[in-house]
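What follows is a single structure, written as structure tokens, with notes after it.
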Amino acid sequence: MDIKRANARPTKLAAEANFTGQVWQDPVMVGKPPSRMRATNVSFTPGARTAWHAHPVGQTLYCVTGVGRVQLEGERVQELHPGDTAVIPPNTRHWHGAAPDRLFIHLAMSEVTDTGDGTRWFEKVSDEDYNKEPEPV
Ligand code: MN
């Protein structure tokens, strides 16, 4: 059995090129073939969010704590709360992050393609897009 010990894996600051605000990443697992699974616990400070991006095999976000936001391009912003699961379809532009005044932590789960391709990154999410009123829950 391979147990990854928490204190052997320091929290990493997410790449500035693909995020707005401070975002911290804790790796959970990177599958070895034939597994294609990837899981990362991601902590967004208030107002922080990903850039627009897409996942070739989609992505599942499980909300751990705080209040978050997610938007598929062309749809309304949705608010996310602890215990919610958001399923992002394959090859669909979207972003996710914290609410403006709340911390937010989600477990991000995805798979790479059989040729190893993962997330495609695009432009950052404008304040105008980010600040749109979320759909009422
Ligand atoms: Mn995503």
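Database remark: amide H of GLY47 closer than 5 angstrom to the amide H of ALA98, ALA99, ASP101, ARG102 (H placed geometrically; neighbours at sequence offset of 5 or more, or on other chains; Pro and chain starts carry no H). Extension gain for ILE3-GLN25 works out to 6.0 nm (0.36 nm per residue, less the C-alpha to C-alpha distance). In plain terms, the C-alpha convex hull of the range 37-110 casts an average shadow of 4.2 nm² when viewed from every direction. Computing FRET efficiency as 1/(1 + (r/R0)^6) for VAL87 and LEU13, where r is the C-beta to C-beta distance and R0 is 25 Å, gives about 0.35.
For the listed residue pairs LYS4/LYS132; LYS12/LYS132; LYS4/LYS124, the alpha carbons are over 31 angstrom apart in LYS4/LYS132; LYS4/LYS124.
The dipole here belongs to the chain: it is taken about the Cα centre, uses +1 on the Cβ of Lys and Arg and -1 on the Cβ of Asp and Glu, and is about 600 debye. Over the range 10-115, Cα pairs under 8 Å with separation of 6+ residues give a relative contact order of 32 percent. In the full protein context, the chain carries 57 Å² of accessible surface per residue, based on a 1.4 Å probe and ignoring ligands, DNA and RNA.
Computed packing ranks the peptides 7-15, 88-96 as 88-96, 7-15, most packed first, by mean other Cβ atoms within 10 Å.
When the charge dipole of the chain is built from unit charges on Cβ atoms (+1 for Lys and Arg, -1 for Asp and Glu) and taken about the Cα centre, the candidate among VAL23, HIS81, ILE3 whose Cα reaches farthest toward its positive end is ILE3.
For a paramagnetic label modelled at 7 Å from the Cα of ASP117 toward its Cβ, which residues of the range 71-96 fall within the zone defined by backbone nitrogen distances under 12 Å? So the set is 91-92.
Across the accessible surface of the chain, with the other protein chains kept in place and a 1.4 Å probe, carbon and sulfur atoms take up 53 percent. Overall dimensions of the chain, expressed as equivalent-ellipsoid semi-axes from the Cα gyration tensor (√(5λ), whole Å, largest first), are 24, 18, 14. For the range 1-92, applying the loop criterion from DSSP together with a ceiling of 14 other beta carbons within 10 Å to the GluC sites (Glu not before Pro) yields GLU73, GLU75.
The values are calculated or read from the model by the stated rules, or taken from the named source; none is laboratory data. Owing to the predicted nature of the structure, the values given are computational and were not obtained by experimental measurement. Cβ sites come from the backbone with ideal geometry, for glycine too, and all protein chains shown count toward neighbours. Please note that ligands, DNA and RNA were not included when accessible areas were found on the heavy atoms of the full protein model with its side chains. Shrake-Rupley method; radii C 1.70, N 1.55, O 1.52, S 1.80 Å.
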